[in-house]
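To start, the structure itself, in structure tokens.
The values are calculated or read from the model by the stated rules, or taken from the named source; none is laboratory data. Note that this is a predicted model, so its numbers are computed, not measured. All Cβ positions, glycine included, derive from the backbone under ideal geometry; neighbour counts span all protein chains shown.
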Amino acid sequence: LTPEQFREEGKKIIDWIADYYENIEKYPVLSQVEPGEIKASLPEQPPQKGEPFSQIMHDLDEKIMSGITHWQSPNFYGYFPSNTSFPSILGDLVSSGLGVQGMIWATSPAATELETRVLDWLAEMMDMPEKFKSTSTGGGVIQDTASTSALTAVIAARERATKYESNKTGVRQKLVAYVSSQTHSSLEKAIKMAGIGSENLRMIDVDDQFAMRPEMLQKQIQEDKKNGLLPFFVCATIGTTSSTAMDPVREIGEICRAENCWLHVDAAMAGTAMACPEFRHLKDGVELADSYCFNPHKWMFTNLDCDVFWVANRNELINTFSILPEYLKNKATETGAVFDYRDWHVQLGRRFRSLKLWFVIRHYGAEGLQFHIRKHVEMAQNFASWVRESDDFEIVVEPQINLVCFRHKSDDDFNMKLMNTVNETGKAFFTHTKLNNRVVLRMSIGQTHTEERHVKETWQLIKATAEHLLKNRKA
Ligand code: PLP
């Protein structure tokens, strides 16, 4: 394509995306295709000759769209949101257009310095401890996902605990890590990948609100120490995946301080709520954390991938991950006056992801973000009140922010059938989990364009479907 052709095709694609959003409610939220259907519609061999753009766009409509689950639909309530917004899409487009590889400061100073500035802004907007800012001992870095942040934290913790020996010798010490039974599975994966071994991961019991019990953590640490093990890492979650349970960060943090364990706080979804002062009590004690992450790509209107990872002491990261081959040596690095973000995580090459975040924060402003977050929480609370008023449904745990865990008072099979039947209509999509071994339905409200009417209609649909299924069951 010449720049002129690019201009022409590009405008069509912007129109295509705008049309998509205008018509998004016409698509079934959950893709209805069977396994293998999309692949079978595509040629087995790649084209030998280039094809016109019009043909590619035609096939996008005809062959790809039926296999899309519409995460951006206002009726998407599954998992946790992965919302986006037009400013984010445009910021990402600019990033693709610039095609910058920002592995070190010298390969695009703006990519590094915008990232540093935007993450300091966010720390300020969310009232994070000073130590997480680049102007202090720490700083922030954008990772692809919360899973990568977990891995980065575990490896940095491992090195600190072994005095940077395990980077040389492999893990020889008997390290042991702690999460709760509700912690996201990415932590277990990180523990496996970091060479700690899942046998050395303790799953601490939770209370009736599914939050980690600090006294059980303390007890387990003492027992492990008695057995000659070296406790080194604890993950506390602000907003667990199943039910947005809130681990008591302060109490866990105090134990970590006393026991010399690295405290990582995983606030992947709920972290966005910290933009609003009224939710900041949920992070009480965060000043005791060594690292903290949250995903703007979940609830902060910023498209995948974008995870913010803050550390209290950046030198602990740099000492863990820094390797300086000849081909990356440069004057700026030698001065020590710049951040080279390749030293802050696993990967070398990195996209210019702060651009989309910058677009989002500048477009909405702190107040605009607060407005939308509050609206989502209010819609979730309204949904919860309708569940409470109903004779047939019950709330399983009181919703803390924007996730409602509820169930029909009938049995597990009925709840699964209800969810699948609603999802098959294509009108709405939500998912389930298990709490205390019982099926729980999850209404996760965080799509950029979700309005009260969508939530209301979905509740009506759920109720009507339940009534219909019950009637058929009796018949
Ligand atoms: N942590 C929590 C609490 C989550 O809910 C999730 C995903 O839903 C993750 C981590 C993993 O997120 P990512 O997909 O960014 O790795």
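Consider the stretch 113-163 and keep the residues that are farther than 27 Å from Trp358 by Cβ and out of contact with any Pro (no Cβ under 9 Å at 6 or more places or on another chain). The one that is farthest from the ligand (Cβ to nearest atom) is Lys163. Within the stretch 169-210, the set of residues being away from the ligand (no atom under 16 Å from the Cβ), farther than 21 Å from Ala245 by Cα and not aliphatic (A, V, I, L, M) comprises Thr169, Gly170, Arg172, Gln173, Lys174, Gly195, Gly197, Ser198, Glu199, Asn200.
Annotation for the stretch 1-19: no member residue is at pLDDT 95 or above, of a type in the set (Phe, Trp, Tyr) and under 27 Å from the mean Cα position of the chain (by Cα).
Evaluated against (1) touching a residue at least 40 places away in the same chain (Cβ under 8 Å); (2) within 22 Å of Leu328 (Cα to Cα), Gly99 falls short on exactly one condition, (1). Cβ separations smaller than 6 Å between residues 6+ apart or across chains give the following pairs from the stretch 145-156 residues that are among the β-branched types (Val, Ile, Thr) to residues that are within 7 Å of the ligand (Cβ to nearest atom): Thr145/Asp307.
Give Phe393, Phe429 a once-over and let me know the one that is closer than 20 Å to Asn83 by Cα, of a type in the set (Phe, Trp, Tyr), modelled with pLDDT of 95 or more and crowded, with 20+ Cβ neighbours inside 10 Å.
Details: Phe393 fails: closer than 20 Å to Asn83 by Cα.
Checking each option against the conditions leaves just Phe429.
Within this structure, Ser166 fails the test of being buried (at least 17 other Cβ atoms within 10 Å of the Cβ), hydroxyl-bearing (Ser, Thr, Tyr) and within 16 Å of the ligand (Cβ to nearest atom).
Wholly within the stretch 14-128, which helices (runs of 4 or more DSSP H) include no fewer than the required count, namely at least 1 residues that are of a type in the set (Ser, Thr, Tyr) and surrounded by 20 or more Cβ atoms within 10 Å (Cβ to Cβ)? Working first, answer last.
Details: elements: 37-41, 53-59, 86-98, 109-125.
Qualifying helices (runs of 4 or more DSSP H): 86-98, 109-125.
Contact annotation: residue pairs with Cβ atoms under 6 Å, 6 or more positions apart or on different chains, pairing a residue in the stretch 173-189 that is closer than 11 Å to Asn200 by Cα with a partner that is crowded, with 23+ Cβ neighbours inside 10 Å and of a type in the set (Phe, Trp, Tyr), are Leu175/Phe232; Ala177/Phe233.
Can you confirm whether Gln48 is modelled with pLDDT of 95 or more, of a type in the set (S, T, N, Q) and more than 23 Å from Gln447 (Cβ to Cβ)? Spell out the reasoning first.
Values: modelled with pLDDT of 95 or more: yes; of a type in the set (S, T, N, Q): yes; more than 23 Å from Gln447 (Cβ to Cβ): yes.
Yes.
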